[in-house]
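The values are calculated or read from the model by the stated rules, or taken from the named source; none is laboratory data. Everything quoted here is computed from the prediction, not taken from an experiment. Cβ atoms come from the backbone with ideal geometry, glycine included; neighbour counts cover every protein chain shown.
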Amino acid sequence: MAKMTLDESGRKYLVEIGLEPVGNRAILVQYAPNDNLGDKLAHFFSSKPYILQMCKNELVLIPMHMRVVAGTVAYYSLENKVASQLSYSSIQSVEITGKGTNYMVSITTDTDTIRLLSPKKWVGALGATDRWHMNNIDDTLQTLKGLQANVAGGIN
């Protein structure tokens, strides 16, 4: 049996907990640091990757673990938990801009703005395991741009 990719594992987990993930709408992200130098340095040394999965009625962030062997990253695995769940009805706007080797995804909700970084297609974020990210990023970013408050009936 072939090994599941991280996005397939994430979708399987979300279905098990009763959510409806949308196929090919998952990308790698990290929380973006503020623009001050201290935050940028802390982010460089301690940033944790997530899978952002679009579901029928919400965006979900699933945290990932790095498995380190002999000082180098050997592989990534998923934590079976949802770190953040954001209903589409709370989203006011989504802005996506290029920021170096990443896309900055700024999601403004009723109460806050969430800033995420996602590697551009040509950046090898996780080596061989990120091929699904490269395949999904264009369509996922396009779908995210179209989100706004009160998405009736969710997305497919």
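Considering the stretch 57-156, the qualifying strands (runs of 3 or more DSSP E), each wholly inside and each with 3 or more residues that are at pLDDT 90 or above, run over 58-69, 84-87, 91-99, 102-109, 113-119.
Residue pairs whose Cβ atoms lie under 9 Å apart, sitting 6 or more positions apart in sequence or on different chains, and linking a residue in the stretch 46-62 that is touching a residue at least 40 places away in the same chain (Cβ under 8 Å) to a partner that is of a type in the set (Asp, Glu), are ILE51/ASP7; GLN53/ASP7; CYS55/GLU20; LYS56/GLU20; ASN57/GLU20; ILE62/GLU79. The residue that is nearest to ASP112 (Cα to Cα), among those in the stretch 10-31 that are buried (at least 16 other Cβ atoms within 10 Å of the Cβ) and basic (Lys, Arg), is ARG25.
Whenever a residue of the stretch 1-19 is at pLDDT 80 or above, its partners that are β-branched (Val, Ile, Thr), lying with C-beta atoms within less than 6 angstrom and at least six residues away or across chains, give the pairs GLY10/ILE51; GLY10/ILE62.
Tell me which of these ALA26 doesn't satisfy, since it passes every other one: (1) within 17 Å of LYS145 (Cβ to Cβ); (2) at pLDDT 90 or above; (3) out of contact with any strand residue (DSSP E or B) (no Cβ under 6 Å at 6 or more places or on another chain). The one condition ALA26 does not meet is (3).
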